[in-house]
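Here is the structure we will look at.
Every number in this text was worked out from the coordinates using simple rules, so none of it is lab data. The shown structure was predicted, so the numbers you read here are calculated from the model rather than taken from an experiment. Cβ sites come from the backbone with ideal geometry, for glycine too, and all protein chains shown count toward neighbours.
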Amino acid sequence: MTGKVVLEGLEFHAYHGVYPHERSSGNKFEVDIAVEIEFDASAFRDELTGTLNYEDIYAIVEEQMAKPSKLLETVGYAIAGRTLEAFPSAQAVEVKISKFNPPIGGVCKKASVVVNRAKAS
């Protein structure tokens, strides 16, 4: 049976951005990640081995968010790729990264990028 394991509202202080000041002072970011998986029957017998451990997903997101990048697209692509590599049962990943108060010259609570990746068939 397929389903999703989702983490929402992960918060990080990270150093992503095109402008030098963004990469030196950093900013607040929020990450949502949804991993489509093929659940093993053991998940329905209350065994962790039949699904994905939230901590393992978080560790991948945290590792990639710690690597400064100019573009959120780059970070989202890396998170999705590492997730697909790390979990054989993962079929597809959607990563949403939001930057709070982006430097756009006006009021904006946050700017977001969504990246979707799937395993090749």
What is the sum of charges, Lys and Arg at +1 and Asp and Glu at -1, for the other residues whose Cβ falls under 12 Å from the Cβ of Glu30? +2
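Once you have the Cα-Cα distance between Leu7 and Glu62, take 0.36 nm times their residue separation minus that, and quote the gain in nm to one decimal.
Values: separation 55, 0.36 × 55 = 19.80 nm, distance 1.24 nm.
Between Leu7 and Glu62, full extension yields 18.6 nm more.
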From the backbone phi of region 28-42, what are the Karplus-calculated ³J(HN,Hα) couplings (6.51 cos²θ - 1.76 cosθ + 1.60, θ = phi - 60°) in whole Hz, Gly and Pro given as x? 8, 10, 10, 10, 10, 9, 10, 10, 7, 9, 9, 5, 7, 4, 5
Which FRET efficiency, nearest 0.05, do Lys70 and Ala41 yield, Cβ-Cβ r, R0 35 Å? 0.20
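Give, rounded to the nearest 20 debye, the magnitude of the charge dipole that region 2-118 has about its Cα centre when Lys and Arg contribute +1 at Cβ and Asp and Glu contribute -1 at Cβ.
It comes to approximately 700 debye.
Would you mind getting me the FRET efficiency between Tyr54 and Glu30? Use the beta-carbon distance for r and R0 = 22 Å, nearest 0.05.
With a Förster radius of 22 Å, E is 0.85.
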Once Lys and Arg are counted +1 and Asp and Glu -1 for all other residues with Cβ under 15 Å from that of Lys70, the total becomes +1
Once you have a ≥ b ≥ c as the square roots of the Cα gyration tensor eigenvalues for region 2-118, tell me rounded if a/c is under 1.5, and otherwise prolate or oblate according to whether a/b is larger than b/c. prolate
Gain in span if fully extended, Val107 to Ala86, counting 0.36 nm per residue against the direct Cα distance: 3.7 nm
What order do you get for 104-114, 51-61 when each peptide is scored by the mean count of other beta carbon atoms within 10 Å, highest first? 51-61, 104-114
